[in-house]
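The values are calculated or read from the model by the stated rules, or taken from the named source; none is laboratory data. Everything numeric here is computed off the predicted structure, so don't read it as measured data. Every residue, glycine among them, receives a Cβ derived from its backbone with ideal geometry; neighbour counts consider all protein chains shown. With ligands, DNA and RNA removed, areas are computed over all heavy atoms of the protein, side chains included. Shrake-Rupley method; radii C 1.70, N 1.55, O 1.52, S 1.80 Å.
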Amino acid sequence: MSDFTMINCCLILGACLLSSQAVWSQRVRVEYEVTSYPNGSVNLRCEFTNSGTTKLTQVSWMFERVEGDRHNIAVFHPQYGASFPNKDFEGRVQFTQGSLENPSIRIDKLRMADAGRYICEYATYPSGNEQGTTTLIMLAKPKNSATAIPVQAGSSEVVVARCEAAQGKPEATISWITTIAGRYNHTSVPELDGTVTVKSEYRMVPTPAENGKDITCLVNQRTQNEPKAFPLKLVVEYPPTVTIEGYDNNWYMGRTDAVLICQADANPEPTDVTWTAASGQLPPSVRVDQNRLLVRKVDETVNTTFVCEVKNSLGSGKKELSATVIDQPLSNASLAGPVIGGIIAAIIILCLIGAGVAMYRKRSQSTANGEGPPKHKPPPPMKSGSSTEMLNKPQDKATTITETQPLSNYMTTNYYETNSAEPVTDLDDDNMGPPANGGTPNVWDGSGHPPEKDESTDETLPPYEPADLNDIQASPANITREESFMSQPMLV
């Protein structure tokens with residue numbers, strides 16, 4: 001037999017033994033786990049089922065706080081009755097029915113130290129001892145608390161809030177909810193009774209801007225239906241920061257009831273506000289009412305610098321304001337001038353931006369529609385006297401080239417200047433000399449073209465006869481504006 005076969009046989013035998021034990025242990029029915037709280041009570045149920053021919057002789061309850069360390073706390077014998085040998089449970093444990101078939105017990109005045117394993121064990125004949133185990137979990141609701149710690153503004157990291165879940169079981173978890181930049185830590189301290197105290201501290205560098213900001217501590221623990229929230233507000237202390245309000249640059253001679261207000265941002269609250277003048281004593285026309293400085297009538301004496309100083313328990317802060325007395329009050333137009341000027345400037349800028357965007361879009365559309373500059377190369381100038389040169393032909397009305405007129409239409413048509421009935425005269429120097437036939441002008445036929453000669457034989461060619469316009473228009477060699485104005489080659 002191979003080693004592999006022997007291993008399989010051993011595994012099967014072990015499984016059979018475990019199954020057999022499980023079948024026997026199922027006859028002692030108990031609860032797998034129960035929970036309770038300190039000073040409360042708990043029922044530990046036990047029942048022997050399907051006894052058949054098995055004889056029950058005695059049942060015992062044993063307590064196991066640590067693995068392997070068992071102590072009898074209750075024994076029931078059908079002849080001798082109940083017995084409670086453990087002094088730690090004396091007066092706190094009792095049988096609920098007092099029978100071998102159902103030897104359930106009740107434990108009162110529970111303590112945290114009562115948490116552990118409770119074994120209900122039967123002495124039977126002939127199968128021997130059979131048992132079932134129940135685990136008692138002691139729960140303790142934590143004592144939750146949270147507080148914000150007053151701190152002074154500075155550059156060092158300090159604890160600004162603390163949260164605690166004391167004497168809880170199982171151990172609680174603590175988290176923080178805030179928008180303030182910082183960090184937190186946790187510490188767990190086991191107590192003598194088996195509970196755990198959890199503490200958490202939130203740390204940050206405090207500044208005046210963080211004073212009054214929200215921060216929330218969340219405590220989560222098994223005994224609570226939902227996390228317990230503790231909303232807090234940070235307390236950051238700092239000396240006063242002072243500002244003066246109410247001055248409008250319009251203190252003119254004779255004005256009454258001008259007011260300056262001294263505002264201070266401080267924590268704790270300011271305890272003292274003092275008004276003084278840089279030149280010494282306050283002018284006679286000035287009256288002080290706490291943080292308000294009242295000028296009953298503006299004159300030359302208030303043309304000075306006023307100083308407001310505010311104090312609290314952490315220090316003091318001051319602010320100066322130089323008042324200027326003018327002869328005449330400022331008009332509303334003068335006061336509103338800068339505002340109106342700014343509005344007009346903004347409108348002009350917006351209009352310029354809009355015009356630029358419109359021009360850009362128009363140019364983009366023209367480019368997309370092919371309306372840009374022509375892409376063809378203009379025709380080169382034609383040499384005077386060439387056989388393909390087009391000469392002027394007197395007409396009553398000027399002929400204008402249009403975008404859709406075929407090129408063939410211009411082969412027998414003279415060019416005229418726009419808005420002119422006279423033909424354009426060719427001023428080429430070659431055409432200004434005497435006639436080539438000894439002074440007698442060439443006789444033209446009715447076609448409007450001079451007689452041409454063959455350059456090789458010097459013979460006069462037949463008169464020029466223009467082609468039928470209908471045939472020319474039917475030709476596919478039509479030309480558009482965007483194409484070259486060069487005519488097709490002509491055979492002479």
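General observations
- Pairwise FRET efficiency - residue 216 versus residue 318, Cβ, R0 = 41 Å, nearest 0.05: 0.60
- Radius 9 Å from Cβ of residue 236, net charge of other residues (Lys, Arg +1; Asp, Glu -1): -1
- Residue-count net charge about residue 82 - beta-carbon cut-off 13 Å; Lys, Arg +1, Asp, Glu -1: 0
- Residue-level accessible surface for residue 149, protein heavy atoms, 1.4 Å, Å²: 40 Å²
- Proportion of all alpha-carbon pairs of the range 103-164 beyond 14 Å (%): 75 percent
- If R0 equals 25 Å, the separation of the Cβ atoms of residue 186 and residue 32 corresponds to a calculated FRET efficiency of about 0.20.
- Stretching the chain fully between residue 326 and residue 247 yields a gain of 27.1 nm (0.36 nm per residue, less the alpha carbon separation).
- Over the range 192-340, volume per residue of the alpha carbon convex hull, in Å³: 204 Å³
- Projected label distance in nm at residue 82 and residue 147, using a 7 Å step from Cα toward the beta-carbon: 4.8 nm
- Net charge of the neighbourhood of residue 245, taken over other residues with C-beta under 11 Å away and scored Lys/Arg +1, Asp/Glu -1, is +1.
- Distance-filtered residues of the range 144-163 - backbone nitrogen under 20 Å, label point 7 angstrom along residue 209 Cα→Cβ: 151-161
- For the range 33-56, backbone nitrogen atoms closer than 17 Å to the point 7 Å from residue 65 Cα along Cα-to-C-beta are found at 38-39.
- With R₀ set to 41 Å, the beta-carbon distance separating residue 135 from residue 156 gives a calculated FRET efficiency near 0.25.
- Added length on full extension, which subtracts the Cα-Cα distance from 0.36 nm per residue, residue 261 to residue 347: 27.3 nm
- The protection proxy used here, the mean number of other Cβ atoms lying within 10 Å of each residue, ranks peptides 202-208, 350-356 as follows, highest first: 202-208, 350-356.
- Within the range 17-120: Cβ-based charge dipole about Cα centre, in debye rounded to nearest 20 (Lys, Arg +1; Asp, Glu -1): 120 debye
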